[in-house]
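The values are calculated or read from the model by the stated rules, or taken from the named source; none is laboratory data. Please read all numbers here as calculations on a predicted model, not as lab measurements. Cβ coordinates were reconstructed from backbone atoms using ideal geometry, including for glycine residues, and neighbour counts include every protein chain displayed. For accessibility, only protein heavy atoms count, side chains too; no ligands or nucleic acids. Shrake-Rupley method; radii C 1.70, N 1.55, O 1.52, S 1.80 Å.
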Amino acid sequence: MSLDTRKPRTSVVRGRLVHPAYPKRMRLAGRLQVACITSVAVVIAIFLADGGVGRFGTAADAFTSLGILSGLVGTDLLLIMMVLAARLPPIDRAFGHDRAMALHQSLGKPTLYLILAHAALLITGYALLENINVFAETWSMLTTLPDMPLAFIGFGLMILVVVTSVVVVRRRFRYEAWHAVHVLSYAAVLVAIPHQLSVGALLSDGTIAHYYWLALYSAVAGSIVLFRFVLPVWRSLRHGLVVDSIDHVAPGVVSISLTGRHLNQLRAISGQFFIWRFWAKGLWWQAHPFSLSAAPNGRSLRITVRGLGDASAELPRLRRGTRVSFEGPYGLFTENARTSPRVVLIAAGIGVAPIRSLLETVSFAPGNATVILRSHAAGDTYLVDELTDLCRVRGAELRIIAGRRPEGISSWLPADAARAGTTLRTIVPEIKHSDIYICGPRPWTDAVVRDARSGGVPKEQIHYERFDW
C-alpha cells in the first residue's frame with residue numbers, strides 16, 4: 001500500500017489553485033473542440049466550393065441542395081460520434097470516459113435527424129425534378145442508382161442503433177445484446193460509403209473533396225482499429241496478466257488481484273478503469289468495465305466486483321492463473337482532474353472501488369478530505385475496514401450514511417434525511433471549495449451531482465463515474 005500524505009500539488013490558473021495537469025487538459029480539450037468544429041466547417045466549405053449557393057433557383061434544386069448539405073454534416077457528426085466512443089487517449093485525457101460518452105449520446109439525435117433529412121430532402125428534390133411522387137422516386141433510386149440499396153441498408157442500421165440507445169429502450173436489453181447492436185454502427189457507416197462517392201459529382205473521383213472524404217474515413221477507421229483492437233491485443237500479450245488471487249469481501253462481492261509483466265509501463269493511476277476479458281469457460285466472449293480498487297504498485301492490479309449478473313456473477317469461481325486480456329487504462333476520475341486543495345469522495349454500493357483506490361494516493365493535507373459511503377443498510381458497505389484504516393492513517397473524515405432513498409423524492413440521501421432537508425452542503429460545509437468525486441448507479445449519481453450544483457459547486461469541481469452503459 002502506497003500512501004500519499006503530502007499537501008496537494010497545485011498551480012495557479014485565473015487566481016485558483018489547480019492540479020498541474022489541469023491547464024494541459026483544458027488546452028487539449030479546447031484543441032479537440034476546435035478540431036470538431038473545423039471538420040464540420042470543412043464539409044460545409046466543400047459544399048459551397050462546389051457551387052452550392054447557386055443551386056437554390058428552383059424548388060427541386062433547393063430540396064436537393066439541402067439534402068446534400070444535411071448528408072455531409074450528418075455524416076461528419078456520425079464520424080465524430082464514432083471517434084468519441086473509440087476511447088482514444090487524447091479524448092480520454094481531455095474529457096474522461098463519462099463526459100466523452102455523454103457528448104457521444106448528445107450527438108445521436110441531431111445526427112439521426114440530419115441523415116433523415118438527407119434522405120427525405122433528396123427523394124423530394126428528385127421527385128420534383130422528374131415530376132413523380134416520392135414513392136415512385138424511392139423505388140427508382142433503389143433500382144437504378146448505383147450503390148443505393150447499400151445506402152438504404154446503412155440507413156436502416158443507423159436507425160436501429162439510435163433507437164436502442166434511447167434510455168427507455170436500452171434498459172430492456174442485456175448489455176451483450178445492446179453492444180452487439182451497436183457494433184452494427186460500423187457496418188452502417190461502411191455500407192454508406194459507396195453511394196457517397198458514386199452518386200452525384202460533389203465527391204466524384206479526382207476532386208479534392210473526394211480525397212479529403214476518403215482521408216477522413218481512413219483516419220477514423222484507423223483510429224478505431226488501432227486503439228480498440230490492435231493496441232489492446234498487443235498490450236494484453238505483452239503484459240501477460242493472470243488471476244493471482246480472489247478474496248471474498250461480502251456475499252457476491254470479490255476482490256481479484258492480477259499480476260503480470262512490466263505493469264508500471266501501463267501508467268495506470270488510482271481511479272481509472274479497464275475493460276476486462278477473462279479467458280475462462282463461459283466468460284471469454286464477454287468484456288466488462290471494472291475500476292481499480294487499489295492503487296497500482298507496478299507489481300499487481302486489483303479490482304473489486306459485485307455479481308450483478310452476466311460475467312460478474314461467475315467471477316468468484318475463477319481459477320488462479322486464468323489469463324486476462326484488457327483495454328485501458330481509461331478515465332479521468334483521477335487526481336489529474338483536481339481543481340481544489342480539499343477533496344470529498346462519495347460512493348454508493350460497489351462504486352466504492354475507485355473511491356478506495358483514490359483515497360490511497362490522492363494528495364491532501366490531514367483534515368482536508370471527507371469520505372461518504374452510501375448504502376441501504378450499514379452492513380451493505382463494501383471495503384469498509386480498508387477505508388476506515390486509510391482514513392485514520394491519512395487524516396480523512398469517514399461518514400457512512402445508511403437507509404433507503406425516499407419514494408417520490410429525487411434525493412441521494414435516506415428518506416428521513418431527505419425529508420429533513422439535509423443536503424451535501426449540510427454534511428460538508430466546505431463543499432464549495434472542494435473537488436467532489438462521485439461513483440455509483442446512474443440515478444443516484446445524477447442526484448448527488450444535482451445536490452452539489454444546487455449547493456454552488458462549480459461543475460469543473462465535480463467528477464463522476466456512473467455504473468451504467
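Could you count how many residues in the range 95-144 are open to solvent by 50 Å² or more (accessible area, probe 1.4 Å), of a type in the set (A, V, I, L, M, F, W, C) and under 22 Å from Leu32 (Cβ atoms)?
1
In this structure, is Arg228 outside any strand (DSSP E or B), in contact (Cβ under 8 Å) with a residue 12 or more places away in the chain and open to solvent by 30 Å² or more (accessible area, probe 1.4 Å)?
Yes.
Looking at the range 281-296, which of its residues are open to solvent by 20 Å² or more (accessible area, probe 1.4 Å), under 19 Å from Val253 (Cβ atoms) and either modelled with pLDDT under 90 or of a type in the set (Ser, Thr, Tyr) (or both)?
Matches in the range 281-296: His288, Pro289.
Can you find a residue in the range 449-457 that is more than 18 Å from Phe364 (Cβ to Cβ) and assigned to a loop (DSSP other than H, G, I, E, B)?
Checked against the condition, which is being more than 18 Å from Phe364 (Cβ to Cβ) and assigned to a loop (DSSP other than H, G, I, E, B), the range 449-457 yields at least one hit.
Tell me, yes or no, whether the range 248-264 has at least one residue that is assigned to a helix (DSSP H, G or I), open to solvent by 50 Å² or more (accessible area, probe 1.4 Å) and charged (D, E, K, R).
no
Which of the residues spanning the range 381-412 are open to solvent by 70 Å² or more (accessible area, probe 1.4 Å) and of a type outside the set (A, V, I, L, M, F, W, C)?
Those that are open to solvent by 70 Å² or more (accessible area, probe 1.4 Å) and of a type outside the set (A, V, I, L, M, F, W, C): Asp385, Asp389, Arg392, Glu397, Arg399, Arg404, Arg405, Glu407, Gly408, Ser410.
Among the residues of the range 43-75, write down those that are open to solvent by 30 Å² or more (accessible area, probe 1.4 Å), farther than 17 Å from Leu114 by Cα and part of a helix (DSSP H, G or I).
Correct list: Ala45, Leu48, Ala49, Val53, Gly54, Ala59, Asp61.
Working only within the range 355-408, note down all residues that are over 19 Å from Ala337 (Cα atoms) and among the charged types (D, E, K, R).
Those that are over 19 Å from Ala337 (Cα atoms) and among the charged types (D, E, K, R): Arg374, Asp380, Asp385, Glu386, Asp389, Arg392, Arg394, Glu397, Arg399, Arg404, Arg405, Glu407.
I'd like the full set of residues that are hydrophobic (A, V, I, L, M, F, W, C), farther than 20 Å from Gly154 by Cα and surrounded by fewer than 18 Cβ atoms within 10 Å (Cβ to Cβ), limited to the range 196-218.
Ala201, Ile208, Ala215
Between residues in the range 307-318 that are open to solvent by 30 Å² or more (accessible area, probe 1.4 Å) and residues that are modelled with pLDDT under 75 and assigned to a helix (DSSP H, G or I), which pairs lie under 6 Å by C-beta distance while being six or more apart or on different chains?
What qualifies is Gly307/Ala313.
Of the residues in the range 68-100, how many are under 15 Å from Ala29 (Cβ atoms) and not β-branched (Val, Ile, Thr)?
Adding up the residues that qualify gives 13.
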